[in-house]
Amino acid sequence: MKEMIKGILDTWILFWGSGYYQYLILLAVLLLLLFFRKRKETRLLIAYSVLLLVLFFFPLSAGIIQKCIGSDVYWRVLWLLPVTVLLAYTGTALAERAGLKARKGGHKLQGLVLILLIGVIGISGKSVWSEDNYVQVHNYQKVPDEVTQVCNLISDQQEEEEEVCVAADDYLAAYIRVYQPSFYMPYSRAGKGSQHYSSMRLYQELSSPDPDLKRVVKAVRKLGCNYLVFALPSQEKQEYLEGKGYRLIGTVNQYGVFKQEHL
């Protein structure tokens, strides 16, 4: 139970990040209750929001939802929270009230309220137009360039009529088949689609900072993966892989690309 509650709270914090929109929502609800509680729209918005938050935070309902959609995407439940509608409705109601209260120049007061609200919303969030969030790539599929380099390296080594089955970490696994759909993989993003215990074990090992190569070799042989891509290991571990029939055919940034010479 404690782990479930902690997971819910962590999801809430990670969803909002460093912005202040969760506080704007609370402020909007307080303003609606103070000045517009008799309106039907107010009752509907607040009732829906409260119900959704109860379902989100209550461990029993949270557990059921996570079983259905997965704990790793549980944060998407908060997409259903009517943040935009709630803030827009509150702002419109405040501007309308300001115009009605002013005997003269109501439209000017409404304009000032509008500018104030826009400013509050603007400084409460975090701009996505930053250099770190966008990277220019040079392929039509719009996947990271290192993914294309890995796939092209494998294609260059692919023998005639050879079927490629490649195992990679979570970052690469999310994009490889987008760029090269002819490649087979034992799993996709976040280990989804794995139908065997070995494929899930392989995903966990390759996504860990220090994979157990004995488990990795055992899994890829069982699954028939003839290409292996993960963070370039130490020289000692490379020699271990070579002894098991895996040859380093190239590197891409921090990744080493290995080909199985024999099963």
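Tabulated data for the structure shown
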item: Fully extended contour minus Cα-Cα distance, from Arg221 to Val73, at 0.36 nm per residue; result: 50.2 nm
item: Label corresponding to Cα Rg over 2.2 N^0.38 Å when calculated from the structure given, among (i) 1.44; (ii) 0.99; (iii) 1.05; result: (i)
item: Sequence-distant aspartates and glutamates (8 or more away, or on other chains) whose Cα lies within less than 20 Å of Lys126; result: Asp10
item: Heavy-atom accessible area per residue - region 2-124, 1.4 Å, Å²; result: 68 Å²
item: The chain, accessible surface, carbon-and-sulfur percent (1.4 angstrom probe); result: 59 percent
item: Estimated 222 nm signal from helices in the chain, with DSSP H stretches of n ≥ 4 weighted -39500 (n - 2.57), rounded to 500; result: -17500 deg cm²/dmol
item: Qualifying lysines (Cα of each under 26 Å from Cα of Lys38; at least 8 residues distant if same chain); result: Lys101
item: For region 145-260: relative contact order, % (alpha-carbon pairs under 8 angstrom, 6 or more apart); result: 26 percent
item: By average C-beta atoms within 10 angstrom, highest first, the peptides 201-208, 236-243, 184-191; result: 201-208, 184-191, 236-243
item: Whole-Hz couplings from phi, Karplus 6.51/-1.76/1.60, listed for region 134-139; x for Gly and Pro; result: 9, 10, 6, 10, 10, 8
item: Crossing angle, helix 213-223 versus the chain [Cα axis fit, 0-90 degrees, rounded to tens]; result: 90 degrees
item: Region 52-63 - phi-based ³J(HN,Hα) in whole Hz, Karplus 6.51/-1.76/1.60, Gly and Pro as x; result: 5, 5, 5, 5, 6, 8, 6, x, 5, 5, 5, x
item: Accessible area in square angstrom per residue, region 145-260, 1.4 angstrom probe; result: 52 Å²
item: Mean Cα-pair separation over length for the chain, i.e. relative contact order, pairs under 8 Å, 6 or more apart, %; result: 12 percent
item: Prolate/oblate/rounded label for region 145-260 (Cα gyration tensor, a/c 1.5); result: rounded
item: Calculated over region 1-80: convex hull of Cα atoms, volume per residue (Å³); result: 98 Å³
item: Lysines with Cα under 19 Å of Lys237, excluding same-chain neighbours fewer than 8 positions away; result: Lys214, Lys218, Lys259
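The values are calculated or read from the model by the stated rules, or taken from the named source; none is laboratory data. All values derive from a computational prediction rather than experimental measurement. Don't worry about glycine lacking a Cβ; one is built from the backbone with ideal geometry, like all the others, and counts go over all protein chains shown. To get the accessible areas, we keep the full protein, side chains included, count just its heavy atoms, and leave off ligands, DNA and RNA. Shrake-Rupley method; radii C 1.70, N 1.55, O 1.52, S 1.80 Å.
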